[in-house]
Amino acid sequence: MKGKNIPLALLLFLSQWGWSQQNEPVYFEGFAQGTTYHITYFDAQDRFLQRQVDSILSDFDLSVSTYNPKSVISKINRNEATAVDAYFKVCFAKGKSIWKATKGAFDPTVYSLVNGWGFGPGKKQKLDQQKIDSILVFTGFEKIKLKGDQVIKKDPRVKLDFNAFAQGYSVDVIARYLEQMGITSYLVEIGGEVYAQGRKPDGSFWTVGIEQPIDNKTEANPNKAIVRLENLAIATSGNYRKFTVENGVKLAHHIDPKTGYPTKNNLLSASVFSKECITSDATATGLLVMGLDKAKDYLAKHREIEAYLIYSDEQGRFRVFETPGLNAILTEVQP
């Protein structure tokens, strides 16, 4: 999905120290969805699968990218008669599930608002309260449903935006492909969203870093924590990569579906751990929209996920809230 900056960059520690000559990894990187990807795996057959991965990501883009005018989702947003594919169905179902779970904090029908604020493929608009209220009339996942292979809208102006979590799903898609090829030790990273399977042949974990949420659109920030992954996904949503400044006011790219405005709270980033990257990605966005207190309440009710939240206190200092399950796999980086 072109235009989705890495919400919170995850620095990959792919050093080959300690790997034996018989256990050299296969590694390649490339571009997809307007961002980069990095894939590392161990394969007894030493197969180089970049061409196949690129082909899968290209097909994925033709399904759910709002930046591709030929995609399924773009055609649906233009109300063209279109049968949806498997990728779209998964995103729609997951979007509906997380929308319900977060009580609307996560809502894939915010496309027109995202566009209006200048964070989508369309031209930025001059929004006032009246204009926002008019868009909110056709915003809400209850206004659209999927019946078989067809999308049915209560209002033809409803438009979908899967960019907040489709990147996480693309990680799952590539992970499943590697497993189908018999590969059981790998790390897939696309635009900062990650899934790691198994351990390296020497028994060590796959390791990633969670950045400090310092406003920075282009370069990596220092790490706030290091995480050891095994059969686990992590996705991070933050407000320091993609934002604009108007009249001295920072506008984050996360839009509150209930108010129509960019979110304003002290939660700076949310890293969510689960068994599927699509779940981590969608939930991280929902938590960031909720804000710290509601995010804590949500996590207390959803023990199937773990989360690492970075927020600012009244003095502007970084503070952290993390769920108990991270104690065994996460290490804070000392300043």
**Request:** Enumerate the calculated ³J(HN,Hα) couplings along the range 31-44 in order (Karplus 6.51 cos²θ - 1.76 cosθ + 1.60, θ = phi - 60°), each rounded to whole Hz, writing x wherever the residue is Gly or Pro.
**Result:** 10, 7, 6, x, 9, 9, 9, 9, 10, 10, 8, 10, 9, 4
**Message:** Need one word for the range 284-335: rounded, prolate or oblate. Basis is the Cα gyration tensor (sqrt eigenvalues a ≥ b ≥ c); a/c below 1.5 gives rounded, then a/b vs b/c decides.
**Reply:** oblate
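Do the sum for the chain: with -39,500 (n - 2.57) for every DSSP H run of n ≥ 4, divided by all residues, what is the mean residue ellipticity at 222 nm, to the nearest 500 deg cm²/dmol?
That calculation yields -8000 deg cm²/dmol at 222 nm.
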**Fill in**
For the chain, the helices passing both cut-offs (Cα extent along own axis of 18 Å or more, Kyte-Doolittle mean at least 0.5, full DSSP H runs) are 277-290
**Fill in**
For the range 264-313 the GluC sites (Glu not before Pro) that pass both the DSSP coil test and the at-most-14 other-Cβ-within-10 Å test are GLU304
**Asked** Within the range 184-205, whose backbone N sits under 19 Å from a point 7 Å along Cα→Cβ of PHE48?
**Response** 187
**Message:** Below 13 angstrom from the Cβ of ASN77, what's the summed charge of the other residues (Lys, Arg +1; Asp, Glu -1)?
**Reply:** +3
**Fill in**
Here P(r) for the range 62-155, Cα-Cα distances in 10 Å bins, as whole percents, is 15, 46, 34, 4
**Request:** In vacuum, with every alpha carbon of the range 64-118 counted as one equal point scatterer, what does the Debye formula give for log10 I(q)/I(0) at q = 0.15, 0.20, 0.31 Å⁻¹? Two decimals, please.
**Result:** -0.48, -0.82, -1.20
**Item:** FRET efficiency, LYS301 to SER204 (Cβ-Cβ, R0 45 Å, nearest 0.05)
**Value:** 0.85
**Request:** Quote the Stokes-Einstein diffusion coefficient, in whole µm² s⁻¹, for the chain, based on the Kirkwood radius over alpha carbon pairs, a temperature of 4 °C and a viscosity of 1.567 mPa s.
**Result:** 64 µm²/s
**Message:** Once neighbouring chains are kept in place and the probe is 1.4 Å, which whole percent of the accessible area of the chain is contributed by carbon and sulfur?
**Reply:** 51 percent
**Item:** Label-point gap, in nm, between PHE28 and ILE214 - each point 7 angstrom along Cα→Cβ
**Value:** 3.5 nm
**Prompt:** Which entries in LYS89/LYS153; LYS143/LYS258; LYS89/LYS296 show an alpha-carbon gap greater than 20 Å?
**Reply:** LYS89/LYS296
**Message:** One quarter of the convex hull surface, Cα atoms only: what value does that give for the range 159-215 in nm²?
**Reply:** 5.7 nm²
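The values are calculated or read from the model by the stated rules, or taken from the named source; none is laboratory data. For clarity, every value in this text was computed on a predicted model and none was experimentally measured. So basically every Cβ, Gly included, is an ideal-geometry build from the backbone, and we count neighbours across all protein chains shown. Just so you know, the surface numbers come from the protein's heavy atoms only, side chains and all, with ligands and any DNA or RNA stripped out. Shrake-Rupley method; radii C 1.70, N 1.55, O 1.52, S 1.80 Å.
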